[in-house]
Amino acid sequence: MAIVGCGYVGERVLARAVEAGRRVVVTSRDAAKAAALGRRGAEAHTLDPRDEGALARVLRGCEVLALSIPPDPVGAVTPAVARAAAAAAVPALVYIGSTAVYAADAGDVDDDTPVAPTPRGRARLEAERVLRAAAEDGGPALGVLRVPAIYGPGRGVHVRLREGGFRVPGDGGNFVSRIHVDDLVTITLALGDALVSSPRGTVRVHCVGDAAPTTLRAHADGVAARLGLPPPPSVPLDDAPETLR
């Protein structure tokens, strides 16, 4: 398999795939990071994913491409990756996207909820559109994972509570869902493997997250209690990061 975008999620996909004995190709624009990924068992290449010719060459022979990159507002990376994957005849592509494609006040969402992206979700939805068009034009079968906040070792409310920097926006009454990074890795690999045998033109979209959403205040207070810490303070809504509003 191949991974383009080997950050917090991608590195854990790499570790799980290597552990399972898979050949894993990764790319990075940074030579030092590529070397570090190579030491973790990857076939690592230093290249810019916008160089679709170079990317297509390293993708040849891969069955699954996992794409995990930040929003691409200039629209340069995702189209190049889609064309490179098609040129390399990669059968399946899994895009790790975001629930930001849904309206902020959408309420409960599932795979069939209409999209109405927040400002930061527009680039995510455009990436989905590009990849869907590529799939329907004979490119890799596509799986889109719309992902809420990701937590796990070194990342999440529990980390920020320990550091003393977490603040609850407003009354904390907004409901949120999250997903543990290891669950996301399991889903990514399972979806990729399922898509390999799917017909060209297949597009599957899944909203993935913990099945028990709760209010942000209840979540923060519950985690703080488990850590033996006081409940975190509140801040005015306008002072909180957009992702927590």
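General remarks:
- Nearest-20 debye value, the chain charge dipole, Cβ charges on Lys, Arg, Asp, Glu: 680 debye
- For the chain, the relative contact order works out to 18 percent when only alpha carbon pairs closer than 8 Å and six or more residues apart are counted.
- Tensor-based shape of the range 196-241 (alpha-carbon gyration tensor, a/c under 1.5 rounded, otherwise prolate or oblate): prolate
- Two-decimal log10 I(q)/I(0) for the range 51-91, as the Debye equation yields it once each C-alpha is a single scatterer, q = 0.15, 0.19, 0.21, 0.30 Å⁻¹: -0.33, -0.51, -0.61, -1.05
- Per residue, in Å², the accessible surface of the chain once ligands and nucleic acids are set aside, probe 1.4 Å: 47 Å²
- Global form of the range 79-139, assessed from the alpha-carbon gyration tensor, a/c cut-off 1.5: prolate
- Normalised by 2.2 N^0.38 Å, where N is the number of residues, the C-alpha radius of gyration of the range 99-245 stands at 1.20.
- By accessible area, using a 1.4 Å probe on protein heavy atoms only, the chain has 52% of its surface on carbon and sulfur.
- Percent of C-alpha pairs per 5 Å bin, the range 9-165, short to long: 2, 8, 16, 18, 19, 17, 11, 6, 2, 0, 0
- Between Ala80, Ala106, Ala127, the residue with the greatest mean-square fluctuation in the GNM of the chain (Cα pairs under 10 Å linked by springs) is Ala106.
- Our helix-only sum for the chain, with -39,500 (n - 2.57) per DSSP H run of n ≥ 4 divided by its residues, gives a mean residue ellipticity at 222 nm of -11000 deg cm²/dmol.
- Per-residue ³J(HN,Hα) for the range 151-168, Karplus 6.51 cos²θ - 1.76 cosθ + 1.60, θ = phi - 60°, Hz, x for Gly and Pro: 10, x, x, x, 8, x, 4, 4, 5, 5, 5, 4, 7, x, x, 8, 10, 8
- Computed over the range 106-192: relative contact order in percent, which uses C-alpha pairs under 8 Å that are six or more apart: 28 percent
- Amide H contacts of Glu43: Val24, Val25, Val26, each under 5 Å away and 5 or more positions distant or on a separate chain (H built 1.01 Å from N in the peptide plane; Pro and chain starts excluded).
- Only alpha carbons enter this Debye calculation for the range 32-103, each as an equal point scatterer, and the log10 of I(q)/I(0) it gives at q = 0.11, 0.14, 0.24 Å⁻¹ is -0.31, -0.49, -1.20.
- Rg [Å, one decimal], Dmax [Å, integer] - the range 127-194, C-alpha atoms: 16.9, 50
- Length gained on full extension, Asp105 to His206, computed as 0.36 nm times the residue gap minus the Cα-Cα distance: 34.4 nm.
The values are calculated or read from the model by the stated rules, or taken from the named source; none is laboratory data. This is a predicted model, so every value here is computed, not measured. Cβ atoms come from the backbone with ideal geometry, glycine included; neighbour counts cover every protein chain shown. Ligands, DNA and RNA are excluded from the accessible area calculation, which covers all protein heavy atoms including side chains. Shrake-Rupley method; radii C 1.70, N 1.55, O 1.52, S 1.80 Å.
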